[in-house]
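First comes the structure, then the notes that go with it.
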Amino acid sequence: MTSHQKLSTSPPSGSYLTVRELADRIGVSPQTIRNWTKAGAINPVLKRGRVIRYDWEQVAKDLGIGQCSTLHPAFEVISCQENSR
């Protein structure tokens, strides 16, 4: 790499989600995403100043989305057996 080439600090378009895109996908407010990030419930894959991006697969894994559980708004994981009642 030559000295006048720049390293890209932003992810490739379409590969990561912004706070708003993630909030829309989950169905919560952007502030909730920020709160979950601050609490350590989810972690961004990129944080450069005000630029924050999330990997959907990692967030889904962290929150248990798409598995045999649902996420309660208070972070309580409700098992499948309880859901079947």
field: Residues of region 28-52 satisfying the condition of being among the charged types (D, E, K, R) and assigned to a helix (DSSP H, G or I)
entry: Arg34, Lys38
task: Just one of (1) surrounded by 13 or more Cβ atoms within 10 Å (Cβ to Cβ); (2) at pLDDT 95 or above; (3) outside any loop (DSSP other than H, G, I, E, B) trips up Arg20, so point out which.
output: (1)
- prompt: Just to be sure, is Pro44 touching a Ser or Thr at 6+ places or on another chain (Cβ under 7 Å) and modelled with pLDDT of 80 or more?
  reply: yes
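The values are calculated or read from the model by the stated rules, or taken from the named source; none is laboratory data. Keep in mind it's a predicted model, so treat the numbers as computed, not measured. All Cβ positions, glycine included, derive from the backbone under ideal geometry; neighbour counts span all protein chains shown.
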